């Protein structure tokens with residue numbers, strides 16, 4: 001079979017050279033940059049000429065057939081060798097067997113632990129690795145058996161700068177994984193087969209969605225807003241501000257989410273009457289409504305903090321003279337609630353004062369969604385999120401709503417997002433509930449609407 005040098009894009013040569021010296025070859029960048037097609041070309045040539053077995057991975061079986069198996073068949077047809085290979089794609093065998101006996105196997109993560117039984121693999125290709133969990137990826141790194149070191153080729157579009165891939169392979173502080181990996185960045189300019197129409201579609205994004213253009217056209221790290229966000233009333237231009245101030249005469253609201261990654265959001269909530277009576281507040285916020293700020297965020301996974309250290313960081317920045325209202329995730333019952341006892345002790349250890357415990361029952365998704373969206377809409381420019389809260393901003397744009405109007409938790413787990421957003425909605429709910437029972441800023445109609453949505457959580 002003739003493999004002409006003229007048909008290859010840059011990515012093909014990068015793969016060819018990188019796999020000789022690196023355990024992990026990383027292909028990332030914008031759409032239509034020939035990452036997948038170049039990998040197909042390299043893969044077919046290897047299987048045709050050498051004694052290798054290769055596994056091609058995607059997360060879901062339907063995408064595996066459509067985005068991997070079928071394109072490879074089309075390439076084999078183009079090369080005129082489709083009748084020289086044996087192809088199958090069903091529950092018992094998903095593979096292409098080449099004349100030398102070399103196999104290209106197709107696997108998806110829904111298969112569970114089945115992949116652990118594949119022996120003597122030479123290369124593993126993980127397509128759209130951004131769609132799988134870090135834990136699944138780590139399992140893949142350690143589970144396959146071979147006499148020699150297995151080489152990985154991973155491909156993705158950098159859709160979120162908070163993704164575990166960025167922390168693992170593109171951290172400003174070098175990680176151990178960066179020592180045995182090499183990354184290559186591509187855009188549509190690296191695809192010599194891209195048409196004028198292809199360029200038009202991607203370049204047109206710049207006028208419609210600058211961030212999406214940045215990610216999909218230029219292949220830069222960023223966050224692409226989803227079409228069905230959980231908090232749809234968040235507006236970046238309205239609610240995001242630089243250098244949002246801390247007002248030391250008023251309590252600081254600290255909200256936690258516990259789980260795989262312990263997370264915390266810090267901000268302040270102000271009554272309308274407080275704004276009207278305080279010249280400093282009224283100068284910063286417009287009249288007519290309450291106000292909310294989000295000042296800082298903390299995540300255990302990012303900065304290697306435990307809950308006690310998070311409290312230490314908070315008090316260090318905001319001081320011991322501030323009163324701290326604490327809320328968060330109490331879904332774990334008495335065990336979870338005991339964490340807040342420890343948090344209270346941590347504040348006392350720092351010489352600070354925690355004024356109250358969170359409610360025993362955390363709000364459900366629908367109730368908290370209604371309240372948080374209502375706050376964004378009602379308070380408008382009086383809802384101010386500091387631009388430093390990058391994880392929260394990413395969550396607000398990228399956490400999806402599922403078919404039942406709740407947070408799409410499966411998607412959150414897949415993309416390792418939503419933890420800070422959970423802490424955010426707990427804070428909104430608690431403080432608006434307190435407003436409900438104290439200095440009531442709502443109209444009768446608004447009260448009825450709010451009470452109808454929160455009554456099940458009380």
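The values are calculated or read from the model by the stated rules, or taken from the named source; none is laboratory data. These numbers come from a predicted model, not from an experiment. Because the Cβ atoms are built from the backbone with ideal geometry, glycine has one as well, and the counts that use them run over all protein chains shown.
Counting the residues of the stretch 376-385 that are part of a helix (DSSP H, G or I) and farther than 19 Å from residue 418 by Cα gives 6.
Residues of the stretch 133-155 being over 18 Å from the mean Cα position of the chain (by Cα) and part of a helix (DSSP H, G or I), which ones? Reasoning before the result, please.
First, the residues of the stretch 133-155 that are over 18 Å from the mean Cα position of the chain (by Cα): 139-153.
Result: 139, 140, 141, 142, 143.
Every test in (1) touching a strand residue (DSSP E or B) at 6+ places or on another chain (Cβ under 7 Å); (2) over 23 Å from residue 330 (Cβ atoms); (3) buried (at least 22 other Cβ atoms within 10 Å of the Cβ) is passed by residue 392 save one, and that test is (2).
Of the residues making up the stretch 93-122, those that are loosely packed, with under 13 Cβ neighbours inside 10 Å, over 19 Å from residue 72 (Cβ atoms) and modelled with pLDDT of 65 or more number 1. For the stretch 190-220, a residue qualifies if it is touching a residue at least 60 places away in the same chain (Cβ under 8 Å) and either touching a strand residue (DSSP E or B) at 6+ places or on another chain (Cβ under 9 Å) or closer than 19 Å to residue 11 by Cα (or both), and the qualifying residues are 190, 191, 192, 193, 194, 198, 215, 216, 217, 218, 219, 220. Restricting attention to the stretch 246-279, the residues that are in contact (Cβ under 8 Å) with a residue 40 or more places away in the chain, in contact with a strand residue (DSSP E or B) (Cβ under 8 Å, 6 or more places away or on another chain) and part of a loop (DSSP other than H, G, I, E, B) total 5. If I ask for residues that are farther than 13 Å from residue 9 by Cβ and surrounded by 15 or more Cβ atoms within 10 Å (Cβ to Cβ), which ones from the stretch 178-189 would you list? Result: 178, 181, 182, 183, 185.
So if I check each of 35, 78, 10, which one is at pLDDT 90 or above, crowded, with 20+ Cβ neighbours inside 10 Å and in the same structural domain as residue 148 (by TED's automatic domain parsing)? Outline the logic, then answer.
Numbers: 78 fails: crowded, with 20+ Cβ neighbours inside 10 Å; 10 fails: crowded, with 20+ Cβ neighbours inside 10 Å.
Result: 35 is the single residue among 35, 78, 10 that is at pLDDT 90 or above, crowded, with 20+ Cβ neighbours inside 10 Å and in the same structural domain as residue 148 (by TED's automatic domain parsing).
Figure legend. Inter-residue proximity from the stretch 172-185: first residues in contact (Cβ under 8 Å) with a residue 24 or more places away in the chain and not assigned by TED's automatic domain parsing to the domain that holds residue 161, second residues part of a helix (DSSP H, G or I) and loosely packed, with under 10 Cβ neighbours inside 10 Å, beta-carbon distance below 7 Å, spacing 6+ or different chains. No pairs are indicated.
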